[in-house]
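Reviewing the structure listed below.
The values are calculated or read from the model by the stated rules, or taken from the named source; none is laboratory data. Only a predicted model underlies this, so the values are computations on that prediction, with no experimental measurement involved. Every residue, glycine among them, receives a Cβ derived from its backbone with ideal geometry; neighbour counts consider all protein chains shown.
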Amino acid sequence: MVTDMVSTILGKKEEWIHLRDPYGGVALHFAAGLGYLEGVVLLLGRCKTCSIEKDESGYLPIHLAAGRGHVEVVKELLLYCPDLNEMRDGSLNSILHIAANSGKLDVVRYILQTPQLDMMINQKNRSGETPLHGATDWGRPNIVYALTSDHRVDLNVVSSSKETPLDTAIKRYHAGGRGKTPSLRRSLTWIALKSAGAKAPRMSEFGFNTVFGTERFKDRVDSLSVISTLIVTASVAACLAVPGEADGAANNLNKAMFHFFIFCITISLFTSISATIILIWGRFGVIELLTLSMEVAMPLLGTALVTLSLAFMAGIYTVISKLTWLATTFLVITAILVAVIFFLYMLLFLPSSSASKFSRFISYYPFIFLASLAEKEPVGPVYFTTIASQIIIPGTTANDDIYRVNFETMQES
């Protein structure tokens, strides 16, 4: 119905296809920004050169389609834009720059999968930034992950400001200042680059202490110290009150589960003591010791928690083993809960910033899940400023002023 209306209007006022809004956009800009594929096809059928009409900001219709994530419209417009060098906005951004900056993963994937668009992958804009720089700067972790997973993307390309993408990520990561907790999207962006093996030579010039500081680690060290102390206390208590040995006799000495209890409680006690000692290193205020103590203490605490849980399971089972149904039920339930504890603790390490392929592989789904949560965070101002780009898509809040401005413009003409 809408297409018929547009066709009827153009039949009577064909010159309106070239009519511009206050920002210099033509009708094709609107259709592309809305993702109105039928309208795009209709307008291109009437005016093929409209595909290369720029608004006052230098945006082509294909830029608006890419920035809104309309893949099918981008495909259609590419048929009418054969010269890729001409498909750049006023800041020399390509459609990949715009899609990456706007967080439109489908468009980015399409471009990466299209061999004819290879030249865009590491293409620089006026500021010497590639699409990876832009996605990093805007905090688009899902885009950064997709780009860094493609072997053609240069991870260490330098912009005009002498920054690699990881330099930009670190700068944005700490933009809130020392002691401030970075946002989830900034953390994931840094992880995506770091796990891909990206380098940050510019930030290394300032020294590790200058970039990171020590404040943000202190609370973590204190919290882990409390946890490790509690595990030590629980382990010692279990050693002093061995299950089934209240009379002082070794009643369960020949039972396999009792042996398992002894091994587990021993491991739990000494790993938690070791973690406590290592975390004391972090109180010296040296950033290298802080990070080292965190890296070493976390696996030790995980081992202590799991073995303490297993010791509890083995100890209780030893006492109730004569009542078969109860012992079996208890064993199954406890084994499931221990597995849950292990899984939840492992999630603390994922997604990992390790550059190993295995770590990146097992981190994929946790990363995608967290990235979907990060997309709900506010990212800043709207990327586009043209009226055509800000048309409200159905299902979102209406903005009648946008339509009113353009309708009145057409009436005046």
Flag if V296 is free of Cβ contacts under 8 Å to residues at least 40 places away in the same chain, buried (at least 17 other Cβ atoms within 10 Å of the Cβ), of a type outside the set (G, A, S) and assigned to a helix (DSSP H, G or I): no
In segment 53-65, is there at least one residue being surrounded by fewer than 24 Cβ atoms within 10 Å (Cβ to Cβ) and farther than 20 Å from V107 by Cβ? yes
Index of the failed condition, E205 passing every other in (1) closer than 25 Å to L289 by Cβ; (2) at pLDDT 70 or above: (2)
For segment 26-49, indicate whether the set of residues that are surrounded by fewer than 20 Cβ atoms within 10 Å (Cβ to Cβ), out of contact with any helix residue (DSSP H, G or I) (no Cβ under 6 Å at 6 or more places or on another chain), in a loop (DSSP other than H, G, I, E, B) and not hydrophobic (A, V, I, L, M, F, W, C) is non-empty. no
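Show me the helices (runs of 4 or more DSSP H) entirely contained within segment 58-108 in which 1 or more residues are more than 18 Å from G128 (Cβ to Cβ), at pLDDT below 95 and among the polar types (S, T, N, Q).
Working: elements: 61-68, 71-78, 95-102.
In segment 58-108, the matching helices (runs of 4 or more DSSP H) lie at 95-102.
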Output for segment 340-362, where each listed residue is under 19 Å from M294 (Cβ atoms) and of a type outside the set (S, T, N, Q): L344, Y345, M346, L347, L348, F349, L350, P351, A355
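Could you look through segment 338-374, keep only residues that are hydroxyl-bearing (S, T, Y) and part of a loop (DSSP other than H, G, I, E, B), and pick out the one that is nearest to A304 (Cα to Cα)? Reasoning before the result, please.
Of segment 338-374, the ones hydroxyl-bearing (S, T, Y) are 345, 352-354, 356, 359, 363-365, 372.
Adding the requirement that they be part of a loop (DSSP other than H, G, I, E, B) leaves 352-354, 356, 363.
Numbers: S352: 21, S353: 24, S354: 23, S356: 26, S363: 23 Å.
Within segment 338-374, the match that is nearest to A304 (Cα to Cα) is S352.
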